[in-house]
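The values are calculated or read from the model by the stated rules, or taken from the named source; none is laboratory data. Worth saying up front: this structure is predicted, and the values here are computed from it rather than measured. Note that each Cβ is placed from the backbone with ideal geometry, even for glycine, and that neighbours are counted across all protein chains shown. Just so you know, the surface numbers come from the protein's heavy atoms only, side chains and all, with ligands and any DNA or RNA stripped out. Shrake-Rupley method; radii C 1.70, N 1.55, O 1.52, S 1.80 Å.
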Number of protein chains: 2
Amino acid sequence: MLEITIPPFDEQAAQTAQERLDVLAKLPGSLGKLEELAVHLAGITGQACPSFPHKKLVLFAGDHDIALHGLSFTGQEVTAMQVRNFLQGGGTINAFCRTAHADVQIVDVGVKEDLQGLAGLTQCNVMHAAHDFSQGAAMSREQAVACLSVGMAMARQAQAEGCTLLAAGEMGIGNTSPSAAIISVLTGQPVAAVAGMGSGIAAPMIQRKVECITRGIELNQPNAADPLDVLAKVGGTELAAMAGFMLGGAALRIPVVVDGFIAGAAAAIAVALQPAMRSMLIGSHCSAEPGHQIVMDYLGIPTYLDLGMRLGEGTGAVLLFPIIDSAVRILHEMKTRKDIGLSC
Amino acid sequence: MLEITIPPFDEQAAQTAQERLDVLAKLPGSLGKLEELAVHLAGITGQACPSFPHKKLVLFAGDHDIALHGLSFTGQEVTAMQVRNFLQGGGTINAFCRTAHADVQIVDVGVKEDLQGLAGLTQCNVMHAAHDFSQGAAMSREQAVACLSVGMAMARQAQAEGCTLLAAGEMGIGNTSPSAAIISVLTGQPVAAVAGMGSGIAAPMIQRKVECITRGIELNQPNAADPLDVLAKVGGTELAAMAGFMLGGAALRIPVVVDGFIAGAAAAIAVALQPAMRSMLIGSHCSAEPGHQIVMDYLGIPTYLDLGMRLGEGTGAVLLFPIIDSAVRILHEMKTRKDIGLSC
């Protein structure tokens, strides 16, 4: 059903990168997490001295009928509005991608409105909104697989275009609710610990959100040992596509940078489906959403940016792109201590 | 003696930037500290919609005879070696500046070795190493002023070149010791709380370093109410030049990004000399050096990068350049909520 092979983390490439870092004309270890990042990228790519000239952000859009409970700051129609905005270049993610010299691709995997024929949109719609999971399963198992496959296909397309570094973004009003549900089920943490203000809702609404998500988990009884079951029952289309994209990138040894809370939930699904994914993902920022640290701990990957962001779209991941460039650039361009005349 | 006027933070420009951020097609406040950064940059520059097409890192190099106590991982001669390396483009800072599309200028303000005639070096040497402040004053008051003036002149030169965003870097074996002394005197925190592993020394050497710095403060009796006295007695040439560069940038409404521990000490001197500087500086990363957070708290400016770096050279500051570009780019390029059809 999900035939994908995740190659092992390349320990040899990682070790060669570490050895290189240790002889460069700087104090060993003085670049801290940036050195660990460079070593990690070497292990993912299998290249001791990787570089990332062609970057891309793929943004998956999908709706969630759980949003009809009014758990979000804005209405469901905003998903399609923002898709149009992104296609015209007017979103935050567009601005950030221009700074990072990254391509942007917008993929409809589950938007409620029919966006057929919208110029520039990659049309892969599997269903017009995930169902309200407080009343039944969000998707069928087949729909979840179809969405995962969309993500994997987008990773292969990116490789065909020559992309060397990827990030997964999302747009989907209400998608912090399925994300919280997934993270709660997979990590075993209570819903109240992982569900937060999302788009910016106040405390009483957060309480209603927690109740709604809890009801959905109790009704659907997702099986934590079967990640596809969790994804289908309490997930969503763009979450599934992001997980597929991360799996697809890793299969091709292309690093995929994980954004915030929602991308973290997708990464948790990817890791639960394929434990080898644990060493194949790169974190970016620590989101303001309280459950984000819980999922990053579950994934076991560090974050680098402390910006208090809670926007999504892949914005935090794309902000890391130039830092990744700097982290690997030193492997190519720095002199060694010996080169500059030092004996130690 | 130090005639410089720091213009007031432009509250009107900052407010206009905030109002713009609040109507953009994203949830208000969802970019967290990045929005505060954009507003801060508007207030410093006096432009509601600033942009920074021309960036530059100015690296000030100087030696410290306190290093002769063997308090550093490497010998004093490494300062000049690294200056040569930076001029040839082989340092970490060179690689990071290439990623950030930033110019690099290397200024000799106090290197021990005579580097007269070295191609590409800006020669402004005031003295060949600051004196060992455990045995007397590091500099005379006149030498400290001369170094401050070098920094101010470099800020004016950067403006003449059309630079719109600056960072101050440094190279100087042993310079965490005068930095710790300055921070201890200005903040009132004990030396043991602010002096750390610096370049990577072990615990027994840190103890010797603390004793040496403490002796220097007791001997020199720097007057915390007279920042120039502190700078001259327990500071150093490149620290003074960095402080001057920060003052010079602020006077011209050009933001100067503060790097780590050593730049933090220089910023503390700048703020002590001119309290209006408090609102004119931009932080970057949180260094691994324990005293860094103490000085950032004293300065009252946030940091954005959590990378555990302790290299200096201005590396952390330059890593923030693309993030600054992204923070202000949204002011120019994003659609508003009204533009995309939203009523709220």
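Among the residues of the range A:291-309, which ones are within 22 Å of A:A14 (Cα to Cα) and within 10 Å of chain B (Cβ to nearest Cβ)?
A:P302, A:T303, A:Y304
Any chance the range B:211-221 includes a residue that's touching a strand residue (DSSP E or B) at 6+ places or on another chain (Cβ under 8 Å) and assigned to a loop (DSSP other than H, G, I, E, B)?
no
Applying the selection to the range B:162-181, what residues are in a helix (DSSP H, G or I) and either hydroxyl-bearing (S, T, Y) or surrounded by fewer than 24 Cβ atoms within 10 Å (Cβ to Cβ) (or both)?
The answer is B:T176, B:S177, B:S179.
Being facing another protein chain (nearest Cβ under 10 Å) and outside any helix (DSSP H, G or I) is the filter here; which residues of the range A:75-100 pass it?
A:G75, A:E77, A:Q88, A:G89, A:G90, A:G91
If a residue counts only when it is touching a strand residue (DSSP E or B) at 6+ places or on another chain (Cβ under 8 Å), which helices (runs of 4 or more DSSP H) contained entirely in the range B:231-344 have at least 2 such residues?
Output list reads B:237-251, B:261-273, B:315-333.
Residues that are open to solvent by 30 Å² or more (accessible area, probe 1.4 Å), touching a Leu at 6+ places or on another chain (Cβ under 7 Å) and in a loop (DSSP other than H, G, I, E, B): does the range A:33-43 have at least one?
no
Check whether at least one residue in the range A:156-175 is over 18 Å from the mean Cα position of the chain (by Cα), over 17 Å from A:E238 (Cβ atoms) and of a type in the set (A, V, I, L, M, F, W, C), and report yes or no.
Checked the range A:156-175: at least one residue is over 18 Å from the mean Cα position of the chain (by Cα), over 17 Å from A:E238 (Cβ atoms) and of a type in the set (A, V, I, L, M, F, W, C).
Look through A:G62, A:G75, A:G46 and report the one residue that is touching a Lys or Arg at 6+ places or on another chain (Cβ under 8 Å) and of a type outside the set (F, W, Y).
A:G46
Tell me, please, whether a residue that is under 28 Å from B:A155 (Cα atoms), within 14 Å of another protein chain (Cβ to nearest Cβ), more than 24 Å from the chain's Cα centre (by Cα) and not in a helix (DSSP H, G or I) can be found in the range B:51-67.
No - not one qualifying residue is present in the range B:51-67.
What about B:Q189, is it surrounded by fewer than 24 Cβ atoms within 10 Å (Cβ to Cβ) and either in contact (Cβ under 8 Å) with a residue 40 or more places away in the chain or out of contact with any Asp or Glu (no Cβ under 7 Å at 6 or more places or on another chain) (or both)?
Here the answer is yes, as B:Q189 does meet what is asked.
Considering only the range B:201-213, state which residues are within 20 Å of B:G235 (Cβ to Cβ) and over 24 Å from the mean Cα position of the chain (by Cα).
B:E211, B:C212
Of everything in the range A:25-82, what is of a type in the set (K, R) and out of contact with any strand residue (DSSP E or B) (no Cβ under 9 Å at 6 or more places or on another chain)? Give them in sequence order.
A:K26, A:K33
Against the condition within 30 Å of B:A80 (Cα to Cα) and touching a Phe, Trp or Tyr at 6+ places or on another chain (Cβ under 8 Å), how does A:L37 come out, does it pass?
Criteria met by A:L37.
Give the residue that is surrounded by the fewest Cβ atoms within 10 Å (Cβ to Cβ), with candidates limited to residues of the range B:88-127 that are without any contact (Cβ under 8 Å) to a residue 40 or more places away in the chain and among the aliphatic types (A, V, I, L, M).
B:A119
Tally the residues that are more than 9 Å from chain B (Cβ to nearest Cβ) and of a type in the set (G, A, S), restricting the search to the range A:334-344.
1
Looking only at the range A:1-32, count every residue that is more than 12 Å from chain B (Cβ to nearest Cβ) and outside any helix (DSSP H, G or I) and tell me the total.
Going through the range A:1-32 one residue at a time, the tally reaches 10.
Can you name the residue in the range A:208-228 that is in contact with a helix residue (DSSP H, G or I) (Cβ under 8 Å, 6 or more places away or on another chain) and of a type in the set (G, A, S) and, of all such residues, is least open to solvent (accessible area, probe 1.4 Å)?
Only one residue fits best here, namely A:G216.
What's the number of the condition B:S72 fails, among (1) within 29 Å of B:T164 (Cβ to Cβ); (2) within 14 Å of chain A (Cβ to nearest Cβ); (3) over 20 Å from the mean Cα position of the chain (by Cα); (4) not hydrophobic (A, V, I, L, M, F, W, C)?
Condition (1) is where B:S72 drops out.
Considering (1) in contact (Cβ under 8 Å) with a residue 60 or more places away in the chain; (2) open to solvent by less than 30 Å² (accessible area, probe 1.4 Å); (3) at negative phi, say which one A:L307 fails and leave the rest.
(1)
Go through the range A:182-193 and give me each residue that's over 19 Å from A:A138 (Cα atoms) and either in a helix (DSSP H, G or I) or touching a Ser or Thr at 6+ places or on another chain (Cβ under 6 Å) (or both).
A:T187, A:A192, A:A193, listed by residue number.
Could you grab me the full set of residues in the range A:273-293 that are over 23 Å from A:L148 (Cβ atoms) and hydrophobic (A, V, I, L, M, F, W, C)?
Within the range A:273-293, A:C286, A:A288 meet the criteria.
What's the number of the only condition in (1) under 18 Å from the mean Cα position of the chain (by Cα); (2) facing chain B (nearest Cβ under 9 Å) that A:D108 fails to meet?
(2)
For the range A:229-251, give me the residue count where each residue is acidic (D, E) and open to solvent by 10 Å² or more (accessible area, probe 1.4 Å).
Final tally of qualifying residues: 1.
Give the residues of the range B:310-333 that are facing chain A (nearest Cβ under 7 Å) and either of a type in the set (D, E, K, R) or without any contact (Cβ under 8 Å) to a residue 40 or more places away in the chain (or both), sorted by residue number.
Listed by number, the residues that qualify are B:R310, B:D325, B:R329, B:E333.
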